[in-house]
Every structure is written in structure tokens, then in C-alpha cells.
Amino acid sequence: MLSKPFDGFMACEKDPREAHTILFGAPFDSTTSFRPGTRFGSAAIRQESYGLETYSPYQDKDLEDTAVCDLGDLELCFGDPARALDAIQDQADAILAEGKRPFLIGGEHLVTLGAFRAAVRKYPDLHVIHFDAHADLREDYLGTPLSHACVLRRCWELVGDGRIFQFGIRSGTREEFRWAQDHVTTHKFDLDGLETALTAIGDKPVYFTVDLDVLDPSVFPGTGTPEPEGVSFSALRQAVTLVCSRANVVACDVNELSPHYDPTGVSTAVACKVIREMLLALPPR
Ligand code: MN
Ligand code: MN
């Protein structure tokens, strides 16, 4: 019998009806403020995932035994961020309606807003855990509210004060940092304070968004707006494992890999390993 080889993220080929977590890609980078290229992120991650083992010695778990399905990339309208976000929201809505967990792969960070809108509609008391070098809290960027530099501000508009917990933040305007003090919880420079935040959030539903530029550019140069003095891979791996295993993560994403800025391919391997560890730590829903 003829059959098509699986070309999704390694081992994420379970029947979508049986999967608890559903991967999908949003190859979109039209609002990128500096160096574009994240539209190639999700495809590069799928392809390079075969360089990594499905087994994690950190967690003693194997993706082969994990109920995850990869639906592939959405076909998005590059010139129209609002339409692209609608398409991402529709896909996340459909996954949430089946009682499953959407796991979005970017793309630039703006793609989060599409999946976030779907998640907050289903879970009005949604909280956010945000790893990033950048605050992403601008009211607008060069006049547009739909930019990756504004994405957490757009999320805040949907949930209000006290719901967003940021970590690793080391770049933003003075206004962003001042605004943050009154509206969100910002942990600057590293991932310290995560335990306290997880305790405060308890079993409330969480949207977990990982902008990979939270990593130091020496670990992860393949990104559009590299920001020196980031966290180590080990710190990020332990932190994502903690969030995914302990918080009630109802939706999540990994974004901002721009693979062509790192011709060694190491940044893509880093992204793959972060995703593998997250998928293994997320419990069945
Ligand atoms: Mn970001
Ligand atoms: Mn960033």
C-alpha cells in the first residue's frame, strides 16, 4: 500500500483524536522590527528534529510514548497581520474545542496573540507565563498595535492586571518598564522567581509563551533581535520543564527562531530540544 512518510516534528504522529497536545506552525514574520526570517522557523524545526533523539535522559521519557500530533503549518496571509491572527485563532479554537492543548510554533512573537485569544475565550481566568529578552509591552510600534514588540500588551488588554508573569526581560523602553510595574510582574534578567509565581498561580489555567531570544545569543544566535546576557540553555530547559509539569498549561508556544541567521544550525537544534522537553513534561489533559 502506498503511504506518505511522516514529515512533522519527530514522533508527533499520534492520531489527533488520541493526542492531548496538538502542534501547529505559524510561519509568519511580517511585523518583525529588525531582521526578518522567523517565517522559516517552524519548517526548520520539523526538519531538524530528526537530529535529536525522541528519548530525554533528563526526564526519562520518550516522545514515542507521548500522545502528541503535529498538524503542520498554517497557510497564512503575509501582508495582513489581522487576517493571519484570525487564522491562528481559528486553529487554536478548533483544538481547544476538542478538549486538547494547542502548541503553536512561530513565527515571530505576534503569532501568540491568535492562540491567546482562543485560549482566553475558553478560559476567562487565564494567566500568562512569558519568557523573553524583550518586554513586548509597547502600546504600539511605529504606529501599529499589531507588532511583535506589542504582543504582551495586547494579551494584557484581554486579561488585565496581575495575570502576566514575565521572566528574563532585559530590553525595553523606560516607559515599558514603568508601565510594567503597575500592571504585570516582571522578573528582569533571569528566570529567578519562577517557583513563587507558580505557587501564586496555583491551578489556574496558564498560557505559556517562550520567546527563544530569552537565551543568550551565544547559545541561540538564530533570531531577529538578539539581546546579550541571556539565560543558559540549562536554565531554560529546567524552567520550561518546571512550568509544563507543574502549571495548568492549557496552551503554549515557542517562537522567534530565525534559522538562516545561524548557518551552523545550532539554534534550530536548541529550539527542537526546548520543544521536546516541553512536550515530554506536559501531562495528558
Ligand atoms: Mn517577544
Ligand atoms: Mn524577544
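The values are calculated or read from the model by the stated rules, or taken from the named source; none is laboratory data. In this text, all values refer to a predicted model and were calculated from it rather than measured experimentally. So basically every Cβ, Gly included, is an ideal-geometry build from the backbone, and we count neighbours across all protein chains shown. We work out accessible area using only protein heavy atoms, side chains counted, and drop any ligands, DNA or RNA first. Shrake-Rupley method; radii C 1.70, N 1.55, O 1.52, S 1.80 Å.
Using the rule -39500 (n - 2.57) for each DSSP H run of four or more residues, divided by the residues of the chain, the 222 nm mean residue ellipticity is -10000 deg cm²/dmol. Rolling a 1.4 angstrom probe over the protein heavy atoms with all chains in place gives region 21-281 an accessible area of 38 Å² per residue.
Summing Lys and Arg as +1 and Asp and Glu as -1 over all other residues whose Cβ lies under 10 Å from the Cβ of C69 gives a net charge of -1. Pairs over the 21 Å Cα-Cα cut-off, from the set K100/K122; K122/K273; K14/K100: K122/K273. As a ratio to 2.2 N^0.38 Å, the alpha-carbon radius of gyration computed for the chain takes the value 0.91. Hydrophobic, long helices, defined as DSSP H runs whose alpha-carbon span along the helix axis is 20 Å or greater and whose mean Kyte-Doolittle value is at least 0.5, occur in the chain at 266-281. Its alpha carbons considered, region 117-234 gives a radius of gyration followed by a Dmax of 13.9, 39 Å. Would you tally the net charge around G265, using a Cβ to Cβ cut-off of less than 15 Å, leaving G265 out, and scoring K and R as +1, D and E as -1? Result for the local shell: 0.
Taking 7 Å along the Cα-to-C-beta vector as the label spot, tell me the D65-T144 distance in nanometres, rounded to one decimal. That separation, rounded to one decimal, is 4.6 nm. Peptides 98-111, 70-83, 222-235 ordered by packing proxy, namely the average of other Cβ atoms within 10 Å per residue, highest first: 98-111, 222-235, 70-83.
DSSP beta bridges confined to the chain are antiparallel in about 10 percent of cases.
Rounded to the nearest 0.05, the FRET efficiency derived from the C-beta distance between E229 and H260 at R0 = 30 Å is 0.80. Under 14 Å of direct C-alpha separation, and excluding same-chain neighbours fewer than eight residues apart, K4 reaches these aspartates and glutamates: E13.
Between E157 and D203, the simple label model (points 7 Å from Cα in the Cβ direction) yields a spacing of 3.4 nm. For the chain, the share of accessible area belonging to carbon and sulfur comes to 51 percent (1.4 Å probe, ligands and nucleic acids excluded).
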